[in-house]
Ligand code: PXL
């Protein structure tokens, strides 16, 4: 039997240095056995968290011509996975990309990478979050963290919360994205633990795992890329969420102890374990 081989388009920025976005997504998706294609949303000298004076070239205006060329060539994808985007206008262009470049039955996966720890990343504002909410409403899967979910829904952000707060947040997300499966990350109910809620087809599941106190940049991109990689290998949403969580924890563990390595995680060192997880039964 021929091995499954999916063509995945990922739309995110190139942060030249910093282990996030495309420099993370491509190796992870390739390790999971997929063909990758890219649409770079912007080119930055580094990511925007913890670096100052970074360059930023917005590639929004290149997107319509790239999209039109693909349509002319009949180029289509099994999945379109978006991460950090460069501008509000770009979000509109991505909606068109979704409707013109997906194969029949293709999966649209949106990681609304724009905020964490109660704050939007530099360069973004509430208008951007509102536009991102509209993109999420077109997606089959969305992967917000709690902060992103709050910015998109207007739900109050809290550091301390219980299950009823998370239930309320999920209801608010379901209202704005009624046909999307939701993978809500960073849901922590007790000290030393965090986890992910998977909501799909009226069913909720929660996977709890170790929380490592050292906060690391780029783990959202590692998580989303591993999730997409596993899902496109035929794993269920919950199985993919578990694989992505276990892999992200391993990546953080491989980085712990190196106090100079704060800008990203050493995800490359855990790729052998990821491969075992995505190819295992
Ligand atoms: O998803 C993280 C990310 C990606 N790309 C850029 C970023 C960040 C986080 O800050 O700044 C440019």
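Observations
- Residue check for residue 22: crowded, with 22+ Cβ neighbours inside 10 Å, within 16 Å of the ligand (Cβ to nearest atom) and under 16 Å from the mean Cα position of the chain (by Cα): yes
- The set of residues in region 3-31 that are within 17 Å of residue 265 (Cβ to Cβ) and in contact with a helix residue (DSSP H, G or I) (Cβ under 8 Å, 6 or more places away or on another chain) comprises 12, 15, 19, 20, 21, 24, 25, 27, 28, 29, 31.
- Considering residues of region 118-128 that are out of contact with any strand residue (DSSP E or B) (no Cβ under 9 Å at 6 or more places or on another chain) and at pLDDT 95 or above only, the residue farthest from the ligand (Cβ to nearest atom): 127
- Hits in region 245-263 - residues which are within 22 Å of residue 48 (Cβ to Cβ) and either assigned to a helix (DSSP H, G or I) or at pLDDT 95 or above (or both): 248, 251, 252, 255
- Residue check, residue 36 surrounded by fewer than 22 Cβ atoms within 10 Å (Cβ to Cβ) and under 22 Å from residue 115 (Cβ atoms): no
- Per-region count, region 136-155, residues over 22 Å from residue 187 (Cβ atoms) and either within 15 Å of the ligand (Cβ to nearest atom) or buried (at least 20 other Cβ atoms within 10 Å of the Cβ) (or both): 0
- Residue ID - nearest to the chain's Cα centre (by Cα), chosen from residues in region 25-50 that are within 11 Å of the ligand (Cβ to nearest atom) and farther than 15 Å from residue 66 by Cβ: 25
The values are calculated or read from the model by the stated rules, or taken from the named source; none is laboratory data. In this text, all values refer to a predicted model and were calculated from it rather than measured experimentally. Virtual Cβ from ideal backbone geometry, glycine too; neighbours counted across all protein chains shown.
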